[in-house]
Amino acid sequence: TALPDDPGLFFGDQASWGPVVDGLVLLEPAAVTLASGGFHHVPVLLGSNADEGTLFVWLSGLSDIDEATYVAMVDAGAPAFGTDGATLLAEYPAADYDTPGAALSALFGHAGFNCPARRAARAFSAGGVDTYLYHFTHAPDVPLLQGLGVFHGAEVGLVFGSDHFGLAPLASDEQALSAAIMGYWGRLGASGDPNGGAELAWPPYDTASDQHLELGDVIQTGALLLEQKCDFWDGIMGG
């Protein structure tokens, strides 16, 4: 990475990168485009992982913070979410999690990945687009990343049938899940519908049913994923 690995990278005032509305490539914020329906109407497959925040917290050296540090960081970072520290701490009290670092991971993962994925799925579906939402729940066996659970990017090796970022090969018990995932992705690319193979049928997303496909040790459908947390974030960030 070209950005420094330090605690301020994700939760402080250090440099960060993100989409820039430049009037040429990006004419308006993506959320505005999604809300207006002004995007190319093609089938969409999207989703998130069970422990999206753990990798970022670990990379920032924050996994082992104490509760006082957690409270101070949430207070300092809350304005970036358009709210205050007390509101976030009431929703994510350290006491609800095994450690303050786990609380920070959950807050960051829900706010940055899980709930935006649901928000985007709702916008695509409302725009008349066939939308397929997944939740990846298989924790890969990568020695360097032990303890991070189903971290951000944990599904990538299975999507491509390769390995875990060169850090570990796919385990034998991951081969079937990888084949199923590649089948879903490949059929979507070929026909606009991930269904048609021997795998469990993937229901299209709509707000009323709020369904998703869980891609884990067992592939199964689910609904109302993180409903209370994502309703909370939608109330703050729009949705």
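The values are calculated or read from the model by the stated rules, or taken from the named source; none is laboratory data. All values reported here derive from a predicted model rather than from experimental measurement. Please note: Cβ atoms are built from the backbone with ideal geometry, for glycine as well, and neighbour counts cover all protein chains shown. Only protein heavy atoms, including side chains, enter the accessible area calculation; ligands, DNA and RNA are left aside. Shrake-Rupley method; radii C 1.70, N 1.55, O 1.52, S 1.80 Å.
Before moving on, here are some points about what is shown:
- Proximal charge balance of Ala154 [Cβ under 10 Å; K/R count +1, D/E count -1]: -3
- Size of the chain from its Cα atoms: along the principal axes, largest to smallest, the extents are 52, 44, 35 Å.
- Couplings for the range 200-216, taken from phi via the Karplus curve 6.51 cos²θ - 1.76 cosθ + 1.60 with θ = phi - 60°, read 3, 5, 9, x, x, 7, 8, 4, 4, 8, 6, 8, 9, 10, 7, 9, x Hz in order; Gly and Pro are left as x.
- Per DSSP, loop chymotrypsin sites (Phe, Trp or Tyr not before Pro) in the range 153-201 with at most 16 further Cβ within 10 Å: Phe165
- Other residues lying with their Cβ under 13 Å from the Cβ of Met182 contribute a combined charge of -2, Lys and Arg counting +1, Asp and Glu -1.
- Alpha-carbon spread of the range 76-182, three principal axes, descending order, Å: 46, 41, 20
- Take the Cα of Ala126, step 7 Å toward its Cβ, do the same at Met237, and the gap between the two points is 1.6 nm.
- Among Ala31, Ala139, Ala102, residue whose mean-square fluctuation peaks in a GNM of the chain (springs only between Cα atoms under 10 Å): Ala31
- Net length gained if the chain between Asp141 and Phe165 were fully extended (0.36 nm per residue, minus Cα distance): 7.4 nm
- Rounded percent of accessible protein surface that carbon and sulfur make up, the range 84-215, 1.4 Å probe: 57 percent
- Charged neighbours of Trp202, selected by a Cβ distance under 11 Å, balance to -3 (K, R count +1; D, E count -1).
- Gyration tensor over the Cα atoms of the range 124-178: the corresponding equivalent ellipsoid has semi-axes (square roots of 5 times the eigenvalues, largest first) of 27, 13, 9 Å.
- Over the C-alpha trace of the range 143-211, radius of gyration and Dmax come out as 14.3, 41 angstrom.
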